[in-house]
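Accompanying notes for the structure given below.
The values are calculated or read from the model by the stated rules, or taken from the named source; none is laboratory data. No experiment lies behind these values; they were computed from the predicted model shown. Here the Cβ positions follow ideal geometry from the backbone for every residue, glycine too, while neighbour counts run over all protein chains shown. Protein only, heavy atoms only, side chains kept; ligands, DNA and RNA dropped before computing areas. Shrake-Rupley method; radii C 1.70, N 1.55, O 1.52, S 1.80 Å.
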Amino acid sequence: MAVSTIKATFPCDIEKVWKTVTSLENYAWRSDLSKIEILNDKQFVEHTKAGYTTSFTITVTQPCQRWEFDMENDNIKGHWMGVFTQKGEQTEIEFTENVTAKKLIMKPFVKGYLKKQQSQYISDLKNVLL
């Protein structure tokens, strides 16, 4: 099991950050995705530009506070938790992924993969918010 947490602060309102992160329709700012397929109000599938699909099931939605989901693809299975905090005129986010590799050969690479994915996500988020 690998756990990776990333924090970032943005000089904008929490609602703007929340709406950007949680929107399943407006994802063009994500450099890694080709599309998001919405299955129902709790489940969606992300399709990467490289052709990988990951299924998500939303488990917690507390608007402008917390968003959580379970995720799974051919290589990993895990849980993602996003915490949103308004700090004056800024918004702090803290995203934590807890992932288990499904294939033994993947185990040594999971933590590095998570760190890389999280860094790219934050970079993309900064580009759309600022």
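I need a count of the residues in the stretch 50-67 that are in contact with a strand residue (DSSP E or B) (Cβ under 7 Å, 6 or more places away or on another chain) and outside any strand (DSSP E or B). Number of matching residues: 2.
Considering each of Thr91, Thr85 in turn, give the residue that is touching a Cys at 6+ places or on another chain (Cβ under 7 Å) and under 23 Å from Lys126 (Cβ atoms). Full working, then the answer.
On the way: Thr85 fails: touching a Cys at 6+ places or on another chain (Cβ under 7 Å).
So the residue among Thr91, Thr85 that is touching a Cys at 6+ places or on another chain (Cβ under 7 Å) and under 23 Å from Lys126 (Cβ atoms) is Thr91.
Looking at the stretch 93-114 only, could you name the residues that are assigned to a helix (DSSP H, G or I) and either surrounded by 15 or more Cβ atoms within 10 Å (Cβ to Cβ) or modelled with pLDDT of 95 or more (or both)? Listed by number, the residues that qualify are Met106, Val110, Lys111, Tyr113, Leu114. Of everything in the stretch 68-88 that is open to solvent by 40 Å² or more (accessible area, probe 1.4 Å) and outside any strand (DSSP E or B), the residue that is farthest from Ala101 (Cα to Cα) is Gly88.
Checking each residue of the stretch 29-41 against the condition of being free of Cβ contacts under 8 Å to residues at least 12 places away in the same chain, in a helix (DSSP H, G or I) and open to solvent by 70 Å² or more (accessible area, probe 1.4 Å) gives no match.
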